[in-house]
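**Q** Please see the structure below; I have some questions.
Taken together, the values in this text are just the output of simple stated rules run on the coordinates, not laboratory data. Just so we're clear, the structure is a prediction, and the values are computed from it rather than from any experiment. Glycine gets a Cβ as well: all are built from the backbone with ideal geometry, and neighbour counts include every protein chain shown.
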Amino acid sequence: MPGRISRRMAVLNAMSAETMPILYPYNTIDQIVTMGGKRYRLLTITTSGNVNIPLAVAVDAWLCGGGSKGYNQTGGAGARSSQSNAMSLAANTNYMAIIGSAGGASSFNGLAVTAVGQSSNGGTGGGGVGGSGAGSGDGVAKIPFGASDYFTSVPCAGGGGGSSNWEYQNPPGYHGGKGGSNGANGASGGQAGAPSYAGSNGAGGDTGGGAGGGGHATFYGSGGGGYSYYNSNPNTDVGNGYQGALYVRIPL
């Protein structure tokens with residue numbers, strides 16, 4: 001009998017966690033998902049505001065700041081990220097989620113990441129131009145909760161570097177390097193070869209980094225692309241970074 005009661009209570013608790021009303025900021029996505037063969041209630045929070053859960057629960061939280069704008073011809077940095085396993089949240093308590101805008105800091109219940117500002121160095125490095133200047137990453141994987149079976153788009157990609165092109169090929173142009181992904185460094189671009197000696201823009205980091213030539217970032221925490229340079233017509237417009245995000249998952 002005790003075994004039956006405990007199993008019944010476990011089922012009731014799982015159902016209540018799945019259906020309980022949660023207060024959260026607007027634009028939050030609230031869904032039931034499967035990661036690693038286990039079911040969770042996943043909150044994707046992209047706007048600052050309070051989170052209030054009616055039951056005391058232990059949750060996992062993953063947080064990233066906003067990605068940087070492009071930094072000169074070097075792409076912008078992907079944001080920093082942080083993860084907390086089994087964070088305890090009290091019942092009917094307001095917890096403030098701060099979601100960083102481009103280049104900004106984010107925080108939630110003691111979990112925090114600092115801003116990257118307008119820089120090529122952050123969570124993931126932007127690509128360089130001219131054979132040098134690639135941004136550096138922090139070496140920390142950016143897949144939330146390590147759930148690569150669920151997260152096909154990885155946050156915090158670095159921006160691509162912009163190209164250098166010279167009218168008279170003296171000196172020749174340089175390619176922009178590719179932005180880093182998943183905590184890796186950005187790449188430096190090499191010297192352009194014959195016949196045109198014109199460099200090409202670097203690609204943004206995977207799933208969100210802005211391309212060189214002023215491309216804007218397109219996914220959480222990713223950096224914008226650096227500008228291209230032509231000696232007779234310089235274009236110094238860099239790409240914008242993308243805001244941060246908070247993922248909170250509740251085991252079911």
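**Q** Could you check which residue among 211, 90, 157 shows the biggest mean-square fluctuation in a GNM of the chain with a 10 Å Cα cutoff?
**A** Of 211, 90, 157, the Gaussian network model singles out 90 as fluctuating most.
**Q** Students often forget the sequence filter, so: which lysines lie under 30 Å Cα-Cα from residue 38 once same-chain residues fewer than 8 apart are removed?
**A** Qualifying lysines at Cα under 30 Å: 142.
**Q** With volume of the Cα convex hull per residue in Å³ defined as stated, name the option among (i) 157; (ii) 132; (iii) 105 computed from the structure displayed.
**A** (iii)
**Q** Within region 27-62, name every residue whose backbone N is under 13 Å away from a label modeled 7 Å from Cα of residue 96 along the Cβ vector.
**A** Those under the cut-off are 48-51.
**Q** Here is a further query. Which lysines have a Cα less than 18 Å from the Cα of residue 69, not counting those fewer than 8 places away in the same chain?
**A** Straight-line reach from residue 69, under 18 Å: 178.
**Q** Just need the relative contact order of the chain here, percent rounded to a whole number, with Cα pairs under 8 Å and 6+ apart. Working shown, then result.
**A** Details: 1048 pairs, mean separation 57.3, N = 252.
Answer for the chain is 23 percent.
**Q** Calculate for the chain the 222 nm mean residue ellipticity that helices alone would give, adding -39,500 (n - 2.57) per DSSP H run of length 4 or more and normalising by residue count, nearest 500 deg cm²/dmol.
**A** Result for the chain: -2500 deg cm²/dmol, rounded to the nearest 500.
**Q** Follow-up. Which of 27, 182, 121 ends up with the largest GNM mean-square fluctuation for the chain, with Cα atoms connected below 10 Å?
**A** 27
**Q** Once amide H atoms are placed 1.01 Å from N in the peptide plane, what residues at a sequence separation of 5 or more from residue 57, or on another chain, have their amide H within under 5 Å of its amide H?
**A** Under 5 Å from the amide H of residue 57 lie the amide H atoms of 89, each far enough along the sequence or on another chain.
**Q** Placing unit charges on C-beta atoms (Lys and Arg positive, Asp and Glu negative, everything else neutral), compute the dipole magnitude of the chain about its Cα centre in debye, rounded to 20. Before the final figure, lay out the partial values.
**A** On the way: 11 positive and 8 negative charges, 178 e Å.
Charge dipole, the chain, about its Cα centre: 860 debye, nearest 20.
**Q** What are the residues whose amide H is under 5 Å from the amide H of residue 129, where those residues sit 5 or more places off or on another chain and H is modelled from the backbone?
**A** 177, 189
**Q** Let me ask something else. Report the Cα-based extents of region 50-146 along its three principal axes, largest first, to the nearest Å.
**A** Extents along the principal axes: 56, 23, 14 Å.
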